[in-house]
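Below: one structure, written as structure tokens.
The values are calculated or read from the model by the stated rules, or taken from the named source; none is laboratory data. Model, not experiment: these values are computed from the prediction. All Cβ positions, even for glycine, are placed from backbone atoms using ideal geometry, and neighbour counts span all protein chains on display.
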């Protein structure tokens, strides 16, 4: 689900810093909000978030990625004010997050924000139902209401019949589903997820990614999702923000990040990403030419890796259709070959 380009940002930060080893009063900023770089030359001073400005639109999945130590987890904690930024601004639906009182912040988190982290943090002596219902109990909701809501969330994440199980009786993937159900129980508009699937084995991780996309198609949350896995980012993201040494090097659609890197770091970071996982049929199609077409069509939004086997098995061009079923172009076998085998193309070899 892609957020409309024109929608107002739900989350916006500007000239955001989190500096360890220096007091906020020491961070002199210029008119653009940038901190004097000489502060970072001092011993023991580390800028975990360094002059970050970005926004997240309503219903969008923004994936923030980078290597360990790049600042992505610190950034998401600043955006939710789990830690205090050193300088800059953060707005949630136009409200100044950093100006809120502790009571206002608690209420905002209870009513607007859901959070899921790598470690499930389930209460070991409470059942699945009790874990999911816990934040609702903290709100003071009546028992009949919070039990009904918790059961609805448990069903939503596919754990029907597990209400009375304890966390130790569940697999890792099931435990993560409980964590997701608990975060959804308060019906948040904004969802922060910090590497929620990284502790899972590959098969369960893929299942959880599929489950996540299913939930998002139903719920349309505004999401900031942290990962270091590019395949995961390509699968989930509407846009990707790549971080390095506390800075956001580039923000853009997955295809733009891979095909049009803005910096040398982003180019190196994405150098091994197969283009067929980024490009879709609409990106490489030709205009319709009225010729004879293959029996089956493909959708313009389908990725090349998903349609390549069919297209390569056809000698006739394959029609590319939009979401309404209208033919908007044709996909030729040789174009797909060029995407799949760029080295062979450049060397003149035939795959």
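A few points about this structure:
- Breaking point among (1) more than 30 Å from residue 253 (Cβ to Cβ); (2) in contact with a helix residue (DSSP H, G or I) (Cβ under 8 Å, 6 or more places away or on another chain); (3) part of a helix (DSSP H, G or I), for residue 108: (1)
- Where helices (runs of 4 or more DSSP H) sit wholly within the range 122-218, those with at least 1 residues that are closer than 25 Å to residue 65 by Cα occupy 172-184.
- Filter pass, residue 12 being in a helix (DSSP H, G or I) and closer than 27 Å to residue 232 by Cβ: no
- Answer from 234, 156 - the residue that is within 18 Å of the chain's Cα centre (by Cα) and at pLDDT below 90: 234
- Extreme residue, surrounded by the fewest Cβ atoms within 10 Å (Cβ to Cβ), among residues of the range 287-308 that are modelled with pLDDT of 90 or more and closer than 12 Å to residue 329 by Cβ: 287
- Residue check for residue 260: in the same structural domain as residue 54 (by TED's automatic domain parsing), surrounded by fewer than 17 Cβ atoms within 10 Å (Cβ to Cβ) and more than 17 Å from residue 195 (Cβ to Cβ): yes
Matching residues to (1) crowded, with 16+ Cβ neighbours inside 10 Å; (2) at pLDDT below 85:
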| residue | (1), (2) |
| --- | --- |
| 20 | no, no |
| 27 | yes, yes |
| 32 | no, yes |
| 36 | no, yes |
| 44 | no, yes |
| 49 | yes, no |
| 56 | yes, no |
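- Residues of the range 219-236 classified as under 25 Å from residue 270 (Cβ atoms) and part of a helix (DSSP H, G or I), total: 7
- Residue list for the range 165-202, filter: in contact with a helix residue (DSSP H, G or I) (Cβ under 9 Å, 6 or more places away or on another chain) and closer than 19 Å to residue 230 by Cβ: 193, 194, 195, 196, 197, 198, 199, 200, 201
- Only listed residue being touching a residue at least 24 places away in the same chain (Cβ under 8 Å) and either surrounded by fewer than 17 Cβ atoms within 10 Å (Cβ to Cβ) or not assigned by TED's automatic domain parsing to the domain that holds residue 75 (or both), chosen from 121, 150, 144, 133: 121
- All of (1) more than 26 Å from residue 66 (Cα to Cα); (2) touching a strand residue (DSSP E or B) at 6+ places or on another chain (Cβ under 8 Å); (3) not in a loop (DSSP other than H, G, I, E, B) hold for residue 323 with one exception: (3).
- Out of 72, 112, sole residue that is in contact (Cβ under 8 Å) with a residue 40 or more places away in the chain, touching a strand residue (DSSP E or B) at 6+ places or on another chain (Cβ under 8 Å), buried (at least 20 other Cβ atoms within 10 Å of the Cβ) and closer than 30 Å to residue 241 by Cα: 72
- Extreme residue, farthest from residue 239 (Cα to Cα), among residues of the range 265-279 that are out of contact with any strand residue (DSSP E or B) (no Cβ under 9 Å at 6 or more places or on another chain) and in a helix (DSSP H, G or I): 268
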